[in-house]
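Data block below; observations after.
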Amino acid sequence: MEHGRLVPVAMAILGFAAIGIGVYQGLVHVAPGYEGTIMSGWDGSLSHEEVLLVQLGALGVGSVVAGLRWKRLSSLSFVMGSIVLFYAVRAVFNLFQSPRPLYREFSVQGAGFEGDTVMLVLGAEPFLLAAGGLLLIGAGLAPFTSRLSKRGSEGATPRPSRI
């Protein structure tokens, strides 16, 4: 087996690992230097969207492995990576549109805060999901781009001249 054929598989596995680690990270954190924690109502278990993202990553890896035999199946990894990337971009966009601003101080009105200021920042989750999605997209495109480069290099070789 050629080493060039294993590169898309390695990319897909790294993308899946980034997605798997990313869903366990926080989407938003309280900035360092500010008091407070973010409490979610899920008690640490993954939401159905996060479980779906991990399953999409696993499907992307499976499609790249199956793409070693049937090239067109690796394009499914491109679709799965695009979905994961879209989710990360959508989540960040929704956070910037929310009434609680990111990267700006605002005062919290609630029990125990008495108007203290807090700054929210993005956590590691959107960055890891975006990296995993991009790796899956790259793994899905790699068999097609390597085939095109091989075709292009065949036509570029000079023919021997006859004298």
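The values are calculated or read from the model by the stated rules, or taken from the named source; none is laboratory data. Keep in mind that this is a model prediction, so the values were computed, not measured. We place every Cβ from the backbone using ideal geometry, glycine too, and count neighbours over all the protein chains shown. Ligands, DNA and RNA are stripped out before the accessible areas are found, and what is left, the full protein with its side chains, is counted by its heavy atoms. Shrake-Rupley method; radii C 1.70, N 1.55, O 1.52, S 1.80 Å.
Give the accessible surface of segment 40-95 per residue, rounded to a whole number of Å², with probe radius 1.4 Å and ligands, DNA and RNA excluded. Mind dumping the intermediate values first?
Details: 3340 Å² over 56 residues.
That works out to 60 Å² for each residue.
Rank by packing, highest mean first: peptides 55-68, 130-143, with packing defined as the count of other Cβ atoms within 10 Å averaged across residues. Before the final figure, lay out the partial values.
Values: 55-68: 20.7, 130-143: 24.0.
My ranking of the peptides, most packed first, is 130-143, 55-68.
Keeping every protein chain in place, order H29, H48 by accessible area at 1.4 Å, biggest value first, i.e. largest first. All intermediate terms of the calculation are to be shown ahead of the outcome.
Values: H29 80, H48 150 Å².
Per-residue accessible area, sorted high to low, gives H48, H29.
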